[in-house]
Amino acid sequence: MTELTELVEHGHLFIGGEFTDPLGTEVIEVISPHTEQVIGRVPHASEGDVDRAVAAARRAFDEGPWPRMGLDERIAVITRIKDAFAVRHEEFARLISAQNGTPYSASVMVQALAAMMVWDSAITVARDFPYEERRDGVLGPLLVRREPVGVVAAVVPWNVPQFTAAAKLAPALLAGCTAVLKVSPETPLDAYLLAEIATEAGLPPGVLSILPADREVSEYLVGHRDVDKVSFTGSVAAGRRVMEVASRNLTRVTLELGGKSAAVILPDADLEAAVAGIVPFAWMINGQACVAQTRILAPSSRYDEMAEAFAAAAGALRVGDPLDPTTELGPLVARRQQQRSLDYIRLGQEEGAKILTGGNRPPSQERGWYVEPTLFGSVDNSMRIAREEIFGPVICLIPYEDEDEAVRIADDSPYGLSGSVWTADTERGIDVARRVRTGTYSVNTFSLDMLGPFGGYKNSGLGREFGPEGFGEFFEHKMIHLPAGYREA
């Protein structure tokens, strides 16, 4: 399997369930991070296209059948979308890898099948969700309803485009909402596969629009007066801006933002198991993952041993063409991301950290936006490389003296998204998990379970995705007071 051999071109936008001509003439060119050549072209949506998409979603919500369908009818449509992902998962994986550099070996699961699992898990949650319940109030009986919030603006990043789209669209659509999905200009091609699937699944007119566009058009969308809810995944800086713009209309927001997560290795841990469990999730998606375990906390008593083991494992990662099934670490999505990682590597050295492996462009790659898998040792948690989200294949190994210090270091971060602990004593690991202030945590493993809530503390975001907690983000709550003594017939 090699790079895409034919230019992928689309001349239309998917607005209100139809492929239609864009209002403008601007075009997005998709650049391969491996070859640095153009591999695709799509229209760049304009503010006028946003107006058309939001108007279609507004009409479909206010007047159309989708919010008024029975739950089983909506589930049937979403099930067809989920099933189509299963059938076309290799196509999704290959196309996303070609755009953002994710190794195909990981992309099949992380980019494609995981998205399918999100759609499937949302169906499971929707079946058991309490849409309406009776309560005894202080002054009489109450009826509490959960009603769909309305028109949803879903803004997704380039690192896991279909996974994050599913995290927003699956619950929104199952709730009865309509949606406008704004996709990143780095990864718009796979969005056209999603549009095809949605059309074939039978979504009614207006329920879904998909717009590739840059940050300025995103800002126009999230500030649109006819949008009722914004669900955003991206950087902290962009999240703050989304919240600021949305606040002008008091639009509800869910923000899934950055991370600087810590993997805590306790002194009794099986080092071989810890290395095997942490390395894939430290350098996942070439380090371009908000949940990546980018700080590895090692006990001082075993620091040298662990430094040697992690450096060897990172240095052995096979770097190359993301579409080569043997590749374990591909290029970064854009030149700016490559330069960002190289700048942080230089900064880490200036701060006094020691490169244990990597630190440069890989000599085997004459072109492409590659950076070697890099591990820094002798890192103090006050260093910028330990505090700021690099979003590249640059990991910090930080020593600690005892468990209390390990927890303090893990918590000493502006982020609180993910984390893990590795120990021979699972109960001890659970105690550590309870102490660390972060939204998701794993003991002797790393996972994101789509039936549980995912989201962050502190600068890592607001609200939750997945599970009933994430599903509930797409509802308004209505309280209906009933007359005293009322009993349902």
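I'd like to check something: does the range 223-240 contain any residue that is of a type in the set (S, T, N, Q), touching a helix residue (DSSP H, G or I) at 6+ places or on another chain (Cβ under 7 Å), within 18 Å of Ile15 (Cβ to Cβ) and part of a strand (DSSP E or B)? No, there is no match, as no residue in the range 223-240 is of a type in the set (S, T, N, Q), touching a helix residue (DSSP H, G or I) at 6+ places or on another chain (Cβ under 7 Å), within 18 Å of Ile15 (Cβ to Cβ) and part of a strand (DSSP E or B). Please indicate, with yes or no, whether at least one residue in the range 64-71 is in contact with a Leu (Cβ under 7 Å, 6 or more places away or on another chain) and assigned by TED's automatic domain parsing to the domain that holds Ala115. Scanning the range 64-71, I find no residue that is in contact with a Leu (Cβ under 7 Å, 6 or more places away or on another chain) and assigned by TED's automatic domain parsing to the domain that holds Ala115, so the answer is no. Just one of the listed residues (Ser209, Ser247) is more than 25 Å from Gly439 (Cα to Cα) and assigned by TED's automatic domain parsing to the domain that holds Ala57, and it is Ser209.
Residue count for the range 122-159 under the criterion of being surrounded by 15 or more Cβ atoms within 10 Å (Cβ to Cβ) and either among the small types (Gly, Ala, Ser) or without any contact (Cβ under 8 Å) to a residue 40 or more places away in the chain (or both): the result is 5.
Matching residues to (1) surrounded by 16 or more Cβ atoms within 10 Å (Cβ to Cβ); (2) in contact (Cβ under 8 Å) with a residue 60 or more places away in the chain; (3) under 30 Å from Thr124 (Cα atoms); (4) not assigned by TED's automatic domain parsing to the domain that holds Ser301:
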{"position": "Arg434", "(1), (2), (3), (4)": "no, no, yes, no"}
{"position": "Ser442", "(1), (2), (3), (4)": "yes, no, yes, no"}
{"position": "Thr445", "(1), (2), (3), (4)": "no, yes, yes, no"}
{"position": "Glu469", "(1), (2), (3), (4)": "no, no, yes, yes"}
{"position": "Ala484", "(1), (2), (3), (4)": "no, yes, no, yes"}
{"position": "Glu488", "(1), (2), (3), (4)": "no, yes, yes, yes"}
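Residues in the range 382-402 include none that are assigned to a loop (DSSP other than H, G, I, E, B), without any contact (Cβ under 8 Å) to a residue 12 or more places away in the chain, under 23 Å from Met109 (Cβ atoms) and under 18 Å from the mean Cα position of the chain (by Cα). So, in the range 160-196, of the ones that are assigned to a loop (DSSP other than H, G, I, E, B) and touching a residue at least 40 places away in the same chain (Cβ under 8 Å), which residue ends up nearest to the chain's Cα centre (by Cα)? Among residues in the range 160-196 that are assigned to a loop (DSSP other than H, G, I, E, B) and touching a residue at least 40 places away in the same chain (Cβ under 8 Å), the one nearest to the chain's Cα centre (by Cα) is Val160. The residues on offer are Leu297, Leu266, Leu317, and the sole one that is surrounded by fewer than 23 Cβ atoms within 10 Å (Cβ to Cβ), touching a residue at least 40 places away in the same chain (Cβ under 8 Å), over 24 Å from Glu186 (Cα atoms) and in contact with a strand residue (DSSP E or B) (Cβ under 6 Å, 6 or more places away or on another chain) is Leu317.
Residue-level check: of (1) in a strand (DSSP E or B); (2) in contact (Cβ under 8 Å) with a residue 40 or more places away in the chain; (3) over 23 Å from the mean Cα position of the chain (by Cα), Ile28 misses just (3).
Listed conditions (1) at pLDDT 95 or above; (2) in contact with a strand residue (DSSP E or B) (Cβ under 6 Å, 6 or more places away or on another chain); (3) among the hydroxyl-bearing types (Ser, Thr, Tyr) are all met by Tyr486, apart from (1). Of the residues Glu427, Glu476, Glu469, Glu488, which is part of a strand (DSSP E or B) and not β-branched (Val, Ile, Thr)? That would be Glu476, the only listed residue that is part of a strand (DSSP E or B) and not β-branched (Val, Ile, Thr).
The values are calculated or read from the model by the stated rules, or taken from the named source; none is laboratory data. Everything numeric here is computed off the predicted structure, so don't read it as measured data. For neighbour counting, all protein chains shown are included, and Cβ atoms are generated from backbone atoms with ideal geometry for every residue, glycine included.
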